[in-house]
Amino acid sequence: MSKENPVISVTNLRKRFNLEAGFFARLGRYVHAVNGVSLVIGRNETYGLVGESGCGKTTTARLLVRMYEADEGEITFQGRDGNVEDVRSLKGLEFKRYRERVKYIFQDPARSLNPRMTVYEVLTSGARWSMKRRGAAGKAILREEAAAILEEVGLSAADLERRPAEFSGGQRQRISIARGLLMKPDLLICDEVVSALDVSIQGQILNLLLDLRSSHQELSFLFIAHDLKVACYFCDRIGVMYRGEIMEEAPAAEIWRQGLHPYTELLFSSVGKIPKGELGSSAAHAKAASIKSITTETEGCSFASRCPYAQERCFMEKPDLRSVGDRHFVRCWR
């Protein structure tokens, strides 16, 4: 795990949800969504969190901005000012400032943008409280910054008075990105930002994010995706997640060249790339296997019930995330 100039560090993060809702719901039955996740994102680094739906990647991201409160673990943030903060203990104004420096872009812009607001109101709703004390001059500066950031994401300053419903899906996602960038954050969390878009538009948004990486040298990204090929294209490092655990972590080029965990192989095979020639039948075997429930914590490897290589030890002992090379970690007995 990279520890060079970290922006955010996560240690042993855990979150479980009550399986049933309501006042009369029985206690003691839980969905174990995040099970001991640890990761570090460096300055100007793009970290990809990849896995199937339900693996816990979005829950992990939402724990970072405290949309959900973690049950256990540590989240440490270090901004450009050099101050190190314990995120889980932040309150009041300190927490509001943290939310300015770590911005979240949602998967579906149609649902995350208020249709009653103009684009200008959407972009500046989170910034107006900090500009209020500056009077008319502060409002003028805010409008100039909103126009500039809108043009940076490929739209026009003239669009500020339009409403989100007047734009296409790809344009609405550009507005969401602009809203995230306006406060000059340290970390931008992109939660499946291209999965709801047409394939041709996906490429445009990914290229926009690449341009933003180049022009904002202090900005880091947490990029959440289910498509491992897309993540390898955009990210510097990747964590492959399954059942709330990081199963493999490595530089994107290394994952693409030689993904080692059987689950990584399965993800590649599902999008048409199999790193090693002999894995075709094994990947098919894993795909056909049943997905074990996550309502109970397993004693052994969480992927064992789907793994074509699983042996008795895999079901009895949980493997640690161990180093197998330069910044390459794998949670597997094989």
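The values are calculated or read from the model by the stated rules, or taken from the named source; none is laboratory data. Remember, predicted model here, so these are calculated numbers, not experimental data. Ideal geometry is used to build each Cβ from the backbone, glycine not excepted, and the neighbour counts take in all protein chains shown. Heads up: the accessible areas ignore ligands, DNA and RNA and are worked out on the full protein's heavy atoms, side chains in. Shrake-Rupley method; radii C 1.70, N 1.55, O 1.52, S 1.80 Å.
Side notes on the structure shown:
- Look at the stretch 145-167: where a residue is within 15 Å of ILE177 (Cβ to Cβ) and a partner is among the basic types (Lys, Arg), sitting 6+ places away or on another chain with Cβ atoms under 8 Å, you get VAL153/ARG174; GLY154/ARG174; LEU155/ARG174; PRO164/ARG172.
- Subset of the stretch 38-53 [open to solvent by 10 Å² or more (accessible area, probe 1.4 Å) and out of contact with any Ser or Thr (no Cβ under 8 Å at 6 or more places or on another chain)]: GLU52, SER53
- Test for SER195: is it open to solvent by less than 50 Å² (accessible area, probe 1.4 Å) and of a type in the set (S, T, N, Q): yes
- Residues located in the stretch 89-113, provided they are buried (at least 16 other Cβ atoms within 10 Å of the Cβ) and touching a strand residue (DSSP E or B) at 6+ places or on another chain (Cβ under 9 Å): LEU90, TYR98, ARG101, VAL102, LYS103, TYR104, ILE105, PHE106, GLN107, SER112
- Failed criterion for ALA147 (all others in (1) crowded, with 16+ Cβ neighbours inside 10 Å; (2) of a type in the set (Gly, Ala, Ser); (3) not in a helix (DSSP H, G or I) hold): (3)
- Residue within the stretch 73-82 that is in contact (Cβ under 8 Å) with a residue 12 or more places away in the chain, among the basic types (Lys, Arg) and on the phi > 0 side of the Ramachandran plot present: no
- Which numbered condition ASP108 fails, given (1) at pLDDT below 90; (2) in contact with a Leu (Cβ under 9 Å, 6 or more places away or on another chain): (2)
- Some residue of the stretch 53-67 being touching a helix residue (DSSP H, G or I) at 6+ places or on another chain (Cβ under 7 Å) and modelled with pLDDT under 95: no
- Of the helices (runs of 4 or more DSSP H) lying entirely inside the stretch 165-274, those containing at least 2 residues that are modelled with pLDDT under 90 and of a type in the set (A, V, I, L, M) are 199-215.
- In the stretch 222-239, the residues that are touching a residue at least 60 places away in the same chain (Cβ under 8 Å) and closer than 14 Å to ALA61 by Cα form Cβ pairs under 7 Å with partners that are buried (at least 19 other Cβ atoms within 10 Å of the Cβ) and of a type in the set (S, T, N, Q), at six or more places apart or across chains, as follows: PHE223/THR46; ILE224/THR58.
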